[in-house]
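Input: a single structure, listed below in structure tokens.
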Amino acid sequence: MEMIELNARIVEALLVASEEPVTQSRLNECLDQGHHVDLKETVDYLNDQYENAGNSFFIKGVAGGYQLVTRKDFEGYIRRYLNRSGRIRLSYAALETLAIIAYKQPVSRPEIDSVRGVNSEGVISTLLERDLITVQGRSETPGRPLLYGITQEFLRYFGLNSTSDLPRLKELEEILKNHTADYAYTESQKTEPPDHNKITDVPEEPETDE
């Protein structure tokens, strides 16, 4: 087996096994002494193979490392599968709050409340627990409220390499709209038995903050 093939198999195995993005430094730690693998070069080699084979996945730069991700063509199937599997999803309120923090960071809760028009204390607490946001200091405004910003986990969760990869506001609105429709569909499946002969309207997004 040629060295590039061996390196490719090693990197591919780590990508499949790891829940975190694979970085050059972490890769170096698991290699035998004297064995060097250029991660970016190997990722490019693997992606060429995946592209030529027509695979449904590829390797993407995420949060300073690399992860295996699926192609956009299969997004609908995956979303429906994950909805039915009961995967924990972020609520619309959480996504809305995350968007505000991502684009305005560092930002205080009063500023977030002002943009959303509702109290965000509960949803901020949830986002902190999930390590999607972090406290970055205190504002100099009266009361010195805490300032919040996004984390590396936020980048990993949304498959972003850095904040420069954040979608434009128009694209973000589309993401939020799609999420709302998915959430409504999922909730209807939980509360109503399936009736294939009945046509129902998609319920509106519940007005909750958590």
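Read-outs: derived from the displayed coordinates by stated rules, not from any lab. Computed from a predicted model, the values in this text were never measured in an experiment. Here the Cβ is made from the backbone with ideal geometry for all residues, glycine too, and neighbour counts use every protein chain on show.
Return the tail of the calculated pair distribution for the range 1-131, meaning the percent of Cα-Cα pairs more than 25 Å apart. So the portion of pairs separated by more than 25 Å is 48 percent. Dimensions of the range 67-151 from C-alpha coordinates, computed as largest minus smallest value along each principal axis and given longest first, are 49, 27, 20 Å.
With a Förster radius of 35 Å applied to the beta-carbon distance between residue 41 and residue 141, the computed FRET efficiency rounds to 0.10.
Loop-located trypsin sites (Lys or Arg not before Pro) across the range 56-155 with a Cβ neighbour count of 10 or fewer within 10 Å are 87, with loop assigned by DSSP.
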